[in-house]
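Following: one structure in structure tokens, then a few remarks.
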Amino acid sequence: MAFTSQSLIFRAPASLPSGRLAALSAGRVALRDRRAAFPSVAAASTSMASSDGDEKKETKLWGGRFEEGVTDAVERFTESISYDWQLYKYDIMGSKAHASMLASQGLITAGDRDIILEGLDQIERLIQEGKFEWRKDREDVHMNIEAALTERVGEPAKKLHTARSRNDQIVTDLRLWCRDAIDKILIRIKQLQVSLVMLASKYVDLIVPGYTHLQRAQPVLLPHLLLSYVEQLERDAGRLVNCRERVNFCPLGACALAGTGLPIDRFQTAKDLKFTAPMKNSIDAVSDRDFVLEFLAANSIAAVHLSRIGEEWVLWASEEFGFLTPSDKVSTGSSIMPQKKNPDPMELVRGKSARVVGDLMTVLTLCKGLPQAYNRDLQEDKEPLFDSVKAILGMLEVCTEFAQNISFNSKRIQSSLPAGYLDATTLADYLVKKGVPFRTSHEIVGRSVALCVSKNCQLAELQLDDLKAVHPVFEADVYEYLGVENAVNKFISYGSTGSNQVKKQLEDWCIQLGISS
């Protein structure tokens with residue numbers, strides 16, 4: 001609604017006191033001054049409408065049955081080209097495969113196919129060179145490319161959309177994009193795994209406190225801890241590989257939802273686009289985004305793993321721990337405290353995990369109430385997907401660089417090891433080997449620790465008489481189990497933190513990741 005200048009003038013009732021009349025009069029003067037300084041609402045509205053009216057709008061490719069064009073607000077609200085232009089490579093790839101199939105089936109001529117393919121090549125080059133004009137009035141990536149193709153090659157371009165809908169076109173683009181995105185993430189995961197294994201190899205004998213509930217629990221070798229991250233990343237990679245297998249089915253040819261009465265060959269387009277096979281059900285092909293959800297879920301789990309690495313390394317870099325020192329290359333300072341050296345990249349890894357999880361929640365909520373088949377709501381799946389992939393790629397990259405630019409403070413770690421009675425569980429194992437039931441062993445070691453607390457000493461510092469006073473089963477060989485070095489050496493179970501087990505784990509990972517010794 002355009003406001004006239006008169007509608008902005010306040011008229012005071014005659015019954016108002018003179019003081020208030022004076023105030024209103026002053027207000028009118030101020031308002032008049034403001035109108036002089038700034039264009040009025042009415043003028044601005046008229047100017048915008050005039051500008052829009054002077055520009056002839058392009059008829060939509062779907063506009064045959066419409067007598068009026070959509071309003072500017074609707075056009076702005078419904079366009080997706082501002083973000084789905086990123087799919088251009090896959091849209092062109094799909095269009096080339098579709099054109100080739102149409103020609104093979106006799107639905108277009110070989111000459112038309114060649115003209116279409118050449119035109120698409122030209123458009124792709126323009127996009128890559130940054131010379132292509134993306135127009136919002138053409139709504140999305142498909143219509144921008146198709147309209148540009150029509151401008152370039154004329155009538156043959158109008159045949160390209162035969163036996164195809166934007167519904168199957170977009171989901172084909174999206175599956176192709178997801179396939180490549182998964183491959184990129186898998187490369188980044190492996191790079192981080194390699195960096196962690198290389199880091200572990202530098203500290204093969206370094207014992208660190210292992211924590212549960214953020215309380216000191218048992219001694220572990222640092223490589224054992226670092227390889228726990230590698231194992232988690234391997235499962236993240238496995239989830240993405242499995243997701244990729246389900247992504248890799250071709251929706252093209254499902255059309256709007258029901259398929260087509262034209263003799264197309266969906267197996268040919270699937271093969272040309274390197275899909276495993278065409279999707280079996282045309283309604284399912286265009287209506288479900290479970291592959292996006294699965295991808296976002298896999299990203300979310302990986303992001304949580306990376307966040308936990310970030311949390312641990314931020315803690316270890318603190319003065320309270322002092323276990324880890326990041327190099328200047330991966331640290332930042334404070335604008336006010338000159339002494340600060342902050343592990344900001346890992347804090348942001350921890351923070352960006354929230355975005356990735358949020359992207360999953362967005363698309364889950366988006367999909368939960370949709371009827372079959374395609375609904376325009378599904379346009380909203382792309383921005384969360386793009387954001388999730390961008391975030392996880394960045395998180396993996398910076399974690400890799402952080403792992404390559406940190407050192408562990410061996411002296412500080414070693415000096416901290418006596419605190420916390422880390423060898424207590426190993427002492428309980430000693431008693432079990434002497435024939436004492438574990439629950440009884442647990443109670444005996446608990447009393448031994450209480451004795452240490454009263455004497456302000458470590459378990460290894462207790463005299464044999466002190467231990468025998470707790471329970472007569474103790475013998476001189478008990479000292480082979482006390483102290484963190486002895487405790488670590490006593491671990492022998494498969495997958496444990498024992499030296500031999502960790503050495504085998506490192507060797508296995510070097511082979512699996514192709515790391516030369």
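The values are calculated or read from the model by the stated rules, or taken from the named source; none is laboratory data. Quick caveat, the model's predicted, so the values are computed rather than measured. All Cβ positions, glycine included, derive from the backbone under ideal geometry; neighbour counts span all protein chains shown. Side chains are part of the model used for accessible areas, which takes the heavy atoms of the whole protein and leaves out ligands, DNA and RNA. Shrake-Rupley method; radii C 1.70, N 1.55, O 1.52, S 1.80 Å.
Every residue, every condition in (1) β-branched (V, I, T); (2) assigned to a helix (DSSP H, G or I), yes or no:
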position: R216; (1), (2): no, no
position: V220; (1), (2): yes, no
position: H224; (1), (2): no, yes
position: R235; (1), (2): no, yes
position: V241; (1), (2): yes, yes
position: R244; (1), (2): no, yes
position: A254; (1), (2): no, no
position: A258; (1), (2): no, no
position: G261; (1), (2): no, no
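Select the helices (runs of 4 or more DSSP H) contained entirely in the stretch 443-517, then report the ones holding at least 1 residues which are open to solvent by 50 Å² or more (accessible area, probe 1.4 Å) and among the β-branched types (V, I, T). Even if it seems obvious, please write down each step before you answer.
Working: elements: 464-470, 484-489, 499-513.
It comes to 499-513.
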> How many residues, within the stretch 229-249, are over 18 Å from the mean Cα position of the chain (by Cα) and open to solvent by 40 Å² or more (accessible area, probe 1.4 Å)?
Replying inline: 4
>> Contact list please: Cβ distance under 6 Å, first residue in the stretch 393-415 and under 30 Å from D180 (Cα atoms) and surrounded by fewer than 19 Cβ atoms within 10 Å (Cβ to Cβ), second residue at pLDDT below 95 and of a type in the set (G, A, S), pairs at least six apart or on different chains.
In response: N405/S327
>> Among (1) at pLDDT below 90; (2) open to solvent by 60 Å² or more (accessible area, probe 1.4 Å), there is one condition S334 misses while meeting the rest; what is its number?
In response: (2)
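In the list A354, A428, A419, which residue meets the criterion of being small (G, A, S), in a helix (DSSP H, G or I) and open to solvent by 10 Å² or more (accessible area, probe 1.4 Å)?
Only one candidate qualifies: A354.
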> Just a yes or no: is a residue in the stretch 375-386 in contact with a helix residue (DSSP H, G or I) (Cβ under 9 Å, 6 or more places away or on another chain) and not in a helix (DSSP H, G or I)?
Replying inline: yes
> Quick one: would you say L252 is loosely packed, with under 15 Cβ neighbours inside 10 Å and over 27 Å from S415 (Cβ atoms)?
Replying inline: no
> Is it true that Q339 is surrounded by fewer than 17 Cβ atoms within 10 Å (Cβ to Cβ), polar (S, T, N, Q) and either under 30 Å from G259 (Cα atoms) or in contact with a Leu (Cβ under 8 Å, 6 or more places away or on another chain) (or both)?
Replying inline: no
> Just checking, which of R138, R166, R175 is under 30 Å from A373 (Cα atoms), open to solvent by 20 Å² or more (accessible area, probe 1.4 Å) and under 35 Å from the mean Cα position of the chain (by Cα)?
Replying inline: R166
